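Below is one structure, written out as structure tokens; comments come after it.
The values are calculated or read from the model by the stated rules, or taken from the named source; none is laboratory data. Remember, predicted model here, so these are calculated numbers, not experimental data. Cβ atoms come from the backbone with ideal geometry, glycine included; neighbour counts cover every protein chain shown.
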Amino acid sequence: MTTAPVTDEPPAARTATRLTRSGRSRRVPLWLLLPGMLWLLVFFAAPLVYQASTSLQTGSLEEGFRVTWHFATYADALEQYYPQFLRSVGYATAATVLCLVLGYPLAYLIALRAGRWRNLLMVLVIAPFFTSFLIRTLAWKTILSDGGYVVSALRSLHVLGLTDALGITEGHRVLATPLAVVCGLTYNFLPFMILPLYTSLERIDGRVLEAAGDLYARPLTTFRKVTLPLSMPGVVAGTLLTFIPAAGDYINAELLGSADQKMIGNVIQSEFLRVLDYPTAAALSFILMAAILALVTVYLRKAGTEEVTG
Amino acid sequence: MTRATRWLRRNLVVLAGLGTLAYLLLPNLVVTVFSFNKPNGRFNYAWQRFSTDAWTDPCGVAGLCGSLSLSLEIAAWSTLGATVLGTAVAFALARHRFRGRASASTLVFLPMAMPEVVMAASLATLFLNMGVSFGFWTILIAHITFCLSFVITAVKARVASMDPRLEQAAQDLYATPLQTFRRVTLPIAAPGIAAGALLSFALSFDDFVITNFNAGSTVTFPMYVWGAAQRGTPVQINVIGTAMFAVAVLCVLVGRLTTGRRRRRS
């Protein structure tokens, strides 16, 4: 969200305005703008308004729904589904942290250490996208299956006993546990972390890092005092690009989890497509949107000050 | 400190990075390997024995290739729609200052900053309220809507970094506005437009969440895979996944080779 195109001012804008200020061409922006903007207003903004009104309706599919300003839907939805909300935030946070921990070394490697291998590594990071993500998520069912190499290795290393005790796996298996869902979320959104990290790391002037070394900073100090602060815009953008879709995801929980790992996305999906309780689905969507907005605002404020003082 | 530990310390980040890369690529490897499997039951999750049956008969399961061609068709149309609408908006936003420009930018930005499920549910609510029947058209409208923001962002970045003096020069040389646009502006903006179009195609082709809410009983390829995950996964899914991967990697390689050659020639 640091790259939000809200406040930027294109360098060419002033000259361009001068160029188009005469006569008929002043009307050009409207005609360029109108079709696309109307599209977004009708199919993006209006639906949100519709959804707001739907969330305040009561009724049933047979009798029809009417707006009754029934705010209790929100309270009921929260009361009934707060475990799924908390779980979504928890899983998404875990996946975001894992993405950062796993993604940073790779982004660093590509940006600062890869040399002539840089392009190849970049293609390899994007390559998974070329196969449908549902098929790739299903592949995790094979990888994490009870008789698979991963699970037997973890079993023989007694890791699963430990994770069972911690409550992130269950019954010495990985599939249908929180670990599997978080693992899938991490996998699915990892490229969204790596790409912004890479962009900000690649911009770092190599001479700055050399200077740190010349001033007798040890590699770890250089990283902590120079590289990491300079890459903060990438860290902030990457965490947002990972956290937001992960918090609303229902595919990983559905394919890799069990009924005990359902996230808020699963609830919205089933309320809407199976139960056909549209007011509850709409209220849940709004709560999700508001929760993410609040978390992101708090996070940006914190990350912003750290960036200044760090 | 021994030489081995020193080497390890210096290359720790390389090893960690390669480990992450392996994590990213492992599922693709599994998909490819299991496209040569001959499973016993309905699900293709456990290795049984080698077979090329699925490769010789990729359309052998009902509905699979139909869903694939529907996905390609929808991706093509939504790419066209989003690219045309989005390029125009991007030019207006990058080139002109007008009242409401900030709100227009926010409206473009919001769809990308929202969980997909929220956008999917709200659009489906609109269609329900309007009494529109779900199918090809609702999917297409939904896809154009979420692709639009990505096209606008990609094209806008390119147009904003364009040197305005190039167009001034063209006009100084008595080019008409139309000529200037066709011969100067459009070629410079082309990489941004191409990037936006490619992104749209990929996003639309692979979209599941928004399609899930707005498809009704129409089955796109991701919808087919989702259904298969419940009913039983035919090996052909892996064949198509592997083939898609191979074709895309081939396109990237050919693209790199030809641009490399062109650069060398000039």
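Miscellaneous remarks
- Neighbours by Cβ (under 8 Å, 6+ apart or cross-chain): first from the range B:48-73, more than 14 Å from B:M244 (Cα to Cα); second exposed (fewer than 12 other Cβ atoms within 10 Å of the Cβ): B:Q48/B:N40
- Search result, residues across the range A:199-231 that are buried (at least 16 other Cβ atoms within 10 Å of the Cβ) and either under 22 Å from A:Y187 (Cα atoms) or hydroxyl-bearing (S, T, Y) (or both): A:T199, A:S200, A:L201, A:T222, A:T227, A:S231
- Residue in the range B:138-153 that is small (G, A, S) and away from chain A (no Cβ under 11 Å) present: no
- In summary, helices (runs of 4 or more DSSP H) completely within the range B:16-125 and bearing 2 or more residues that are facing chain A (nearest Cβ under 7 Å) and crowded, with 16+ Cβ neighbours inside 10 Å occur at B:64-95, B:101-109.
- Answer from A:D146, A:D164 - the residue that is over 20 Å from the mean Cα position of the chain (by Cα), outside any helix (DSSP H, G or I) and acidic (D, E): A:D146
- Annotation: of all residues in the range A:53-67 being at pLDDT below 85 and part of a strand (DSSP E or B), the one that is nearest to A:V275 (Cα to Cα) is A:S60.
- Set A:L288, A:L300, A:L241, A:L284: member being within 10 Å of another protein chain (Cβ to nearest Cβ) and either surrounded by fewer than 17 Cβ atoms within 10 Å (Cβ to Cβ) or more than 30 Å from B:N129 (Cβ to Cβ) (or both): A:L241
- Scan of the range B:1-15 for residues that are in a loop (DSSP other than H, G, I, E, B) and either β-branched (V, I, T) or in contact with a Cys (Cβ under 6 Å, 6 or more places away or on another chain) (or both), ordered by number: B:T2
- All conditions but one from (1) outside any loop (DSSP other than H, G, I, E, B); (2) at pLDDT below 90 apply to A:V125; the one that does not is (2).
- Restricting B:V235, B:V249 to residues that are among the β-branched types (V, I, T) and at the interface with chain A (Cβ under 7 Å from one of its Cβ atoms) narrows the list to B:V249.
- Check on A:L293, free of Cβ contacts under 8 Å to residues at least 60 places away in the same chain and under 21 Å from A:T93 (Cβ atoms): yes
- Boolean, B:V209 is of a type outside the set (S, T, Y), modelled with pLDDT of 90 or more, closer than 20 Å to A:S270 by Cα and surrounded by fewer than 21 Cβ atoms within 10 Å (Cβ to Cβ): no
- Which numbered condition B:L128 misses (of (1) without any contact (Cβ under 8 Å) to a residue 12 or more places away in the chain; (2) more than 9 Å from chain A (Cβ to nearest Cβ); (3) aliphatic (A, V, I, L, M)): (2)
- Scanning the range A:123-163 for residues that are in contact with a strand residue (DSSP E or B) (Cβ under 8 Å, 6 or more places away or on another chain), closer than 23 Å to B:F43 by Cβ and either among the aliphatic types (A, V, I, L, M) or within 7 Å of another protein chain (Cβ to nearest Cβ) (or both) returns a single hit, A:V151.
- Residue satisfying all of: in the range A:244-274; of a type in the set (S, T, N, Q) and in a helix (DSSP H, G or I); surrounded by the fewest Cβ atoms within 10 Å (Cβ to Cβ) among these: A:S270
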